[in-house]
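The values are calculated or read from the model by the stated rules, or taken from the named source; none is laboratory data. No experiment lies behind these values; they were computed from the predicted model shown. Backbone-built Cβ (ideal geometry, glycine too); neighbour counts: all protein chains shown. For the accessible areas, the whole protein counts, side chains as well, though only heavy atoms, and no ligand, DNA or RNA atoms are used. Shrake-Rupley method; radii C 1.70, N 1.55, O 1.52, S 1.80 Å.
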Amino acid sequence: MSDRLDMTVMYATHNKLRRELTHIARATARFDSDPRYILRVGADWEMFRRALSAHQSAEDDALWPPLRQALAGRPFDLARLEAREAEHAAIASLVGAINGALTAPGIGLDLFGELAESLLSGLVGHLDHEEDTVFPLVQSALGADLWAHFRQVHAVRVGPYAPQLLPWLLDGADERTVALVLASYPAPARQAYEHRWRHSCTALDRWTAGAPVSATPDLP
């Protein structure tokens, strides 16, 4: 039986985060330069932070609460959901610590590497856990109206960064995923992506210092 709810954007976001984690792993494992400088000056760490914050905050505010209500009376499934929520909190803490360590004096490379390694293993595990345990619960327990509300909230959280995050999301995705994700956006956004946004993204150097990210509102 096919899935009731279209989770294309969710899977596309997860897969993009996984691709970015491979870049973070390489950057933080380099010995020829300070990895903190690469993350601090390049564009991609900030893009990663923005995408992750928008994605997880939308889940925290608009997906977990209705799903928890739908799972009332199912203590084992609720425990699985609560475990994913705890992972969110741990990941947010690690991202904040790494971001602070980029400019904090006295933070050595050993501690920075430990933080980066914890983020890499923690986020990879969380994405797998969410797909294996939460996505099936969403498909079986959440109504289409509540799923549509979550998607709307997710789109609003991404909205201020859409000119950067949409091409960022689709960079490296297969053709089918690109087509499905673009189909979920209104025509003006699709046209902007094709004629402006995509080209500005491809002009950036991937995970190298000196590629500034466009000015957008700061993350909390």
Gain upon complete extension [Asn15, Gln139; 0.36 nm per residue less C-alpha separation]:
42.7 nm
Which percent of the accessible heavy-atom area of the chain goes to carbon and sulfur, probe 1.4 angstrom?
57
Per GNM of the chain with C-alpha springs under 10 angstrom, the most fluctuating residue out of Arg157, Arg36, Arg196 is Arg196
Using 0.36 nm times the number of residues separating Leu109 and His149, minus their current alpha carbon distance, what extension gain do you get?
10.1 nm
Summing Lys, Arg as +1 and Asp, Glu as -1, what charge do residues with Cβ under 13 Å from the Cβ of Val95 carry, Val95 excluded?
-1
Is the chain rounded, prolate or oblate when judged by the Cα gyration tensor, a ≥ b ≥ c being the square roots of its eigenvalues, rounded requiring a/c under 1.5 and prolate requiring a/b larger than b/c?
oblate
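Please report the relative contact order for the chain, taking Cα pairs under 8 Å with a sequence separation of at least 6, and give it as a percent rounded to a whole number.
Contact order relative to length: 40 percent.
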Between Arg196 and Thr22, what is the spin-label point distance in nm, taking each point 7 Å from the Cα along the Cα→C-beta axis?
3.2
How many Å² of accessible area per residue for the range 9-114, probe 1.4 Å?
45
